[in-house]
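This report refers to the structure that appears directly beneath it.
What follows draws every value from the coordinates through simple rules; no lab data is involved. All values reported here derive from a predicted model rather than from experimental measurement. Quick reminder, even Gly has a Cβ in these numbers, built from the backbone with ideal geometry, and neighbours come from all protein chains shown.
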Amino acid sequence: MRTSKLPHVGTTIFTTMSALANEHGALNLGQGFPSFEVDNVWGDLVKKHIDAGRNQYAPMPGIPELRSALSTKIKRSYQQEFDSASEITVTAGATQAIFTAIQTFVHAGDEVILFAPAYDCYAPAIELIGAKAIWIELRYPDYQIPWKEVAEKMNERTAMIILNHPHNPSGASIDASDIQQLISITKDTDCIVLSDEVYEHILFDERQHQSVLRYPELRDRSLAVFSFGKTFHLTGWKMGYIIGAAALMSEFKKVHQYNVFCCNTPVQYALAEYLEDEEKYLSIPKFYQEKRDKFNLQLQSSDFEILPSAGTYFQLLNYKKISDASDVEVAVEWTKKYKITTIPCSVFYPNQLDEKVLRVCFAKDDATLERAVEILSQIKA
């Protein structure tokens, strides 16, 4: 057999921990997807368009109706105009958009700046090209970007910087001052900014999402990736989109057309119709903040340190008062012993940095969260 192109990549921690949860009948707060029902109109909307005969290939960049709806949404959200015909592409989820963007703009021998802890889809896509990930650590416990270090790592080989905000796994966010640093660092370079913004609407305490799309200074070198699955609790549909200047999107579509070509046709029509009501996405921050606040309030009397979560549907818990064991050991042991599954945060670092922190997902129904609090509160030193 020929040599593996990803020799260090095995089964993901999410698959491993979910399998362990199933084996031991544990409450699974590890994998990041909602456990509650989606809006009950979705089935009717999709069926409506299936019955209308919209079942064949969609146009490669997405149906015009959906791209037009997204252009309107971006203008409402970020006060910037993006052309629906040339600057928006519908993708088979955010991961496909990210993979395709990396394949499009990064070449063998290039460098890509990544921030650890990081979601696990970025580095393998870089490695497959023969490029190099340049890791910069977000400092515990606030997980903010050390921009001075970013500037020091930039050079003529830096093809891309990948941002993720609100940030998975930490729940941290960035503000306007971070964007100004990004603008300054990338000015007069050929560096592409790939901004993973799948949690754009899951931001708390009246924070304003600082999309790269807000800033004209970044327009010619930025691509922003979004997820219908994260926004509308439809993760299994694997539908997303990417937005960027026409010159960038033209190159992106060259690769996209040979990657998936196009995405689910009746679902695209359903999404276009659903987006007509902006309250469908404007109401999401309040919905998730109520879950975060209730979950954290009930955990306050526990032995966990509850780290700040500015966004996403993840909460980090430091267990240093309870155990000195590694986070992987703790996650496995507690799945078996206490029947609750979490994700150890060391797996999001290339060097497996262990700060005694676990990630839990609070995108769950109230009964599940109440049971989770009950279990977690019983775990003592």
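Per 0.36 nm of contour for each residue apart, how much would the distance between THR12 and ARG207 grow if the chain were fully extended, relative to their Cα-Cα spacing?
Here the segment from THR12 to ARG207 would lengthen by 67.0 nm.
Here the dipole of region 175-269 is about 440 debye; that uses its Cα centre as origin and unit charges on the Cβ of Lys and Arg (positive) and Asp and Glu (negative). Cross-link partners of LYS5 among lysines, defined as those whose alpha carbon lies under 23 angstrom from its own and excluding same-chain residues fewer than eight positions apart: LYS132.
Along region 351-367 the Karplus relation, 6.51 cos²θ - 1.76 cosθ + 1.60 evaluated at θ = phi - 60°, assigns HN-Hα couplings of 9, 6, 4, 10, 9, 6, 10, 10, 9, 10, 9, 9, 7, 10, 5, 4, 4 Hz to successive residues, with x for each Gly and Pro. Our coupling estimate for region 157-165, obtained by passing each phi through the Karplus curve with A = 6.51, B = -1.76, C = 1.60 and θ = phi - 60°, is 8, 6, 8, 7, 10, 9, 9, 9, 7 Hz, Gly and Pro reported as x. Ordering TYR319, TYR199, TYR349 from the fewest to the most neighbouring beta carbons within 10 Å gives TYR349, TYR319, TYR199.
Determine the alpha carbon to alpha carbon distance for each of LYS291/LYS337; LYS238/LYS321; LYS294/LYS380; LYS336/LYS356 and list only those over 28 Å.
Working: LYS291/LYS337 26 Å; LYS238/LYS321 39 Å; LYS294/LYS380 21 Å; LYS336/LYS356 18 Å.
Correct reply: LYS238/LYS321.
Take the Cβ atoms of MET1 and VAL255, set R0 to 30 Å, and the FRET efficiency comes out at 0.65. Karplus-based coupling profile of region 125-131, in residue order and whole Hz: 5, 5, 5, 4, 7, x, 9, with θ = phi - 60° in 6.51 cos²θ - 1.76 cosθ + 1.60 and x standing for Gly or Pro. Computed from the C-beta positions of LEU353 and ARG219, the FRET efficiency with R₀ = 35 Å rounds to 0.50. Residues whose amide H falls under 5 Å from that of LYS364, counting only those 5 or more places apart or on a different chain, are SER35, with hydrogens built in the peptide plane.
If you take every residue apart from PRO146 with its C-beta less than 12 Å away from the C-beta of PRO146, what net charge results, scoring Lys and Arg +1 and Asp and Glu -1? Walk me through the intermediate numbers first.
On the way: positive: ARG139, LYS148, LYS153; negative: GLU137, ASP142, GLU149, GLU152, ASP178.
Once positives and negatives cancel, what remains is -2.
By the count of neighbouring beta-carbon atoms within 10 Å, fewest first, VAL328, VAL193 end up ordered VAL328, VAL193.
How big is the charge dipole of region 55-277 about its Cα centre, in debye rounded to the nearest 20, if each Lys and Arg gets +1 on its Cβ and each Asp and Glu gets -1 on its Cβ? Display every interim value, and only then the final one.
Details: 18 positive and 28 negative charges, 68 e Å.
The dipole magnitude comes to about 320 debye.
I need the calculated FRET efficiency for the pair GLN181 and ASP365, taking r as the beta carbon distance and R₀ as 35 Å, to the nearest 0.05. Don't skip to the end; give the middle numbers.
Numbers: r = 40 Å, r/R0 = 1.13.
With a Förster radius of 35 Å, E is 0.30.
Dipole magnitude for the chain: computed about the Cα centre from +1 point charges on Lys and Arg Cβ and -1 point charges on Asp and Glu Cβ, it is near 640 debye. Here's how it looks for LEU163: its modeled amide H is under 5 Å from those of LEU194, SER195, ASP196, which are all 5 or more places away or on a different chain. The distance from the alpha carbon centre of region 153-222 to that of region 302-329 is 26 Å, rounded to a whole number. For region 55-277, the share of alpha carbon pairs falling in successive 5 Å distance bins from zero is 1, 7, 15, 20, 21, 17, 11, 5, 2, 0, 0 percent. Can you compute the label reach from GLU305? Point 7 Å from Cα along the Cβ direction, backbone N cut-off under 12 Å, restricted to region 136-170. Flagged as within label range: 140-142.
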